[in-house]
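To start, the structure itself, in structure tokens.
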Amino acid sequence: MRPKVRHVAVMTKNREKMVEFYQKIFGLEPKRGFGGAIYMSDGDVNIALIEAKRDDQKEGINHFGFEVDDLDAFLAHFGGR
């Protein structure tokens, strides 16, 4: 029932450099691009590289997403819905 990290989104001003880093160090491969992001994965680990276009957008972790097997059971267990 524990949630699993599904992806980590990283803001960057240099997506191409970050793609090279994640390929070289972690063996991740670009999978697709959507809405100013490049998604990378090895099948288990998923990274979204989001282009920071404005000065007020700081580089670094923007957010991370979780996955659960059964959302209703998870919410019931933790007092959701």
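The values are calculated or read from the model by the stated rules, or taken from the named source; none is laboratory data. Since this is a predicted model, take the numbers as computed values, not measurements. In this analysis, Cβ positions are derived from the backbone assuming ideal geometry, glycine residues included, and neighbour counts consider all displayed protein chains. Side chains are part of the model used for accessible areas, which takes the heavy atoms of the whole protein and leaves out ligands, DNA and RNA. Shrake-Rupley method; radii C 1.70, N 1.55, O 1.52, S 1.80 Å.
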Practice item. Show the residue pairs that are 6+ apart or on different chains and have beta-carbon atoms under 6 Å apart, the first residue being within region 20-44 and modelled with pLDDT of 90 or more, the second being open to solvent by 40 Å² or more (accessible area, probe 1.4 Å) and not in a loop (DSSP other than H, G, I, E, B). Key: ILE38/ARG15; ILE38/PRO30; TYR39/LYS31; TYR39/ARG32; MET40/PRO30; SER41/LYS31
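What strands (runs of 3 or more DSSP E), lying completely within the chain, carry at least 3 residues that are open to solvent by 100 Å² or more (accessible area, probe 1.4 Å)?
Working: elements: 4-12, 29-34, 37-41, 46-51, 60-67.
In the chain, 29-34, 60-67 are the strands (runs of 3 or more DSSP E) which contain 3 or more residues that are open to solvent by 100 Å² or more (accessible area, probe 1.4 Å).
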